[in-house]
Amino acid sequence: MRVDLGVLVPALRGWTLCIDEPSCDCVVCVQLPEWAGKFNEHEKVYLALFLAAKHLLDYRVAAAMHVYMVKSRVTLRPELLTRTLREAKVASKIPRAVEEDSAYAWEAILYKGIVYAEQILSLDKPVIVKVKPPKDKLERERLRVMLEGKRVTVKGRTYNVGGLVKKLDGERIAPWTYLIPRRNLPKLLASVEKRARVTMITM
């Protein structure tokens, strides 16, 4: 099993975590104990991320672990993490980010990683966007189609063609009012700012 750490934390783009692979060519390789086979895939990945973070003492990997934990809604008891730490095998192609290996060093790295992870997670939180359309009816309709898409009929079949809001993983909640993930706001503003006024309401 392989995990692209860059998907979880952009700063780790190009880093891959290998889990229980017979031959490993990843940045970090984790071999879980046999008894870990009883866990589901999410739990195994979480265990491997924990081991990788502890091995490398890198707050970015700790952030990846926290992001994965929140998004996958997975957690394991501390005693299981401790046992896995004793029995698993971890290897990496890069040196540790911090030389000191102590409980204090790990706590500092973990908390720094959690703070960083929460900043990343906040980008996925939705923001309410209200668009004040132009008064001209033609321009108004063009803007609406650009944002919300339109229905197209081809050979008697009607299809819904999504607009910019859908492409940005957003949704329409009222006329000219949308929910947009914070990370995608710049794309929306760049497309709309010359044609309408946009007001944002954070949740």
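The values are calculated or read from the model by the stated rules, or taken from the named source; none is laboratory data. Being a predicted model, the structure only gives us computed values, none of them experimental. Every residue, glycine among them, receives a Cβ derived from its backbone with ideal geometry; neighbour counts consider all protein chains shown. Surface areas here come from the heavy atoms of the whole protein model, side chains and all, with no ligands, DNA or RNA. Shrake-Rupley method; radii C 1.70, N 1.55, O 1.52, S 1.80 Å.
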> In the range 88-111, what residues are under 11 Å from residue 54 (Cα atoms) and either at pLDDT 85 or above or in contact with a Pro (Cβ under 9 Å, 6 or more places away or on another chain) (or both)?
Replying inline: 90, 105, 106, 107, 109, 110
> Looking at (1) open to solvent by 100 Å² or more (accessible area, probe 1.4 Å); (2) within 19 Å of residue 133 (Cβ to Cβ); (3) free of Cβ contacts under 8 Å to residues at least 60 places away in the same chain, which is the one condition that is false for residue 197?
Replying inline: (3)
> Does the range 119-128 include one or more residues that are farther than 29 Å from residue 59 by Cα, more than 16 Å from the chain's Cα centre (by Cα) and in contact (Cβ under 8 Å) with a residue 24 or more places away in the chain?
Replying inline: yes
> What are the residue pairs meeting all of these: first residue in the range 152-163, first residue modelled with pLDDT of 70 or more, second residue open to solvent by 90 Å² or more (accessible area, probe 1.4 Å), Cβ atoms under 6 Å, and 6 or more apart or on different chains?
Replying inline: 152/159; 158/151; 160/151; 161/150
>> I'd like the residue in the range 84-99 that is free of Cβ contacts under 8 Å to residues at least 40 places away in the same chain and not hydrophobic (A, V, I, L, M, F, W, C) and, out of all such residues, is farthest from residue 56 (Cα to Cα).
In response: 86
